[in-house]
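Notes follow once the structure below has been shown.
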Amino acid sequence: MILAIFIFAAIVMYLWNMVLVPVLGVGLVTYWQAMGILVLAKILFGGKGKHGYGKHHCCGYGHKHYYKHRWKEKFENLSDEEKEKMKGFFGKFKDESRAE
């Protein structure tokens with residue numbers, strides 16, 4: 001795994017220097033700069049990996065589905081009194097958004 005990351009950084013450096021420099025006129029990058037680009041890309045686009053918020057591990061859906069499913073489960077486990085409180089609380093937000 002670690003070896004693959006170092007090899008991938010070398011590939012990023014090679015592709016950057018062979019493609020982006022002639023096409024876009026950007027500067028050359030060193031090996032460690034390529035490693036930094038990988039880390040930055042992981043932070044910006046990678047989420048938390050296989051089981052993080054970006055990908056739901058059971059269904060393959062995104063985080064929107066995951067949180068909707070999670071809240072649905074929590075709501076189903078509430079007592080009837082707690083459900084009515086929640087409906088009243090979220091109903092206030094619906095009324096405020098329509099008033100504007």
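The values are calculated or read from the model by the stated rules, or taken from the named source; none is laboratory data. All values reported here derive from a predicted model rather than from experimental measurement. Backbone-built Cβ (ideal geometry, glycine too); neighbour counts: all protein chains shown.
Examine the range 70-79 for a residue that is modelled with pLDDT of 80 or more, surrounded by 13 or more Cβ atoms within 10 Å (Cβ to Cβ) and out of contact with any Phe, Trp or Tyr (no Cβ under 7 Å at 6 or more places or on another chain), and state whether such a residue exists. Checking the range 70-79: not a single residue is modelled with pLDDT of 80 or more, surrounded by 13 or more Cβ atoms within 10 Å (Cβ to Cβ) and out of contact with any Phe, Trp or Tyr (no Cβ under 7 Å at 6 or more places or on another chain).
On the basis of being within 30 Å of R70 (Cβ to Cβ), assigned to a helix (DSSP H, G or I) and either in contact with a Pro (Cβ under 9 Å, 6 or more places away or on another chain) or at pLDDT 90 or above (or both), does A41 make the cut? Yes: the conditions hold for A41.
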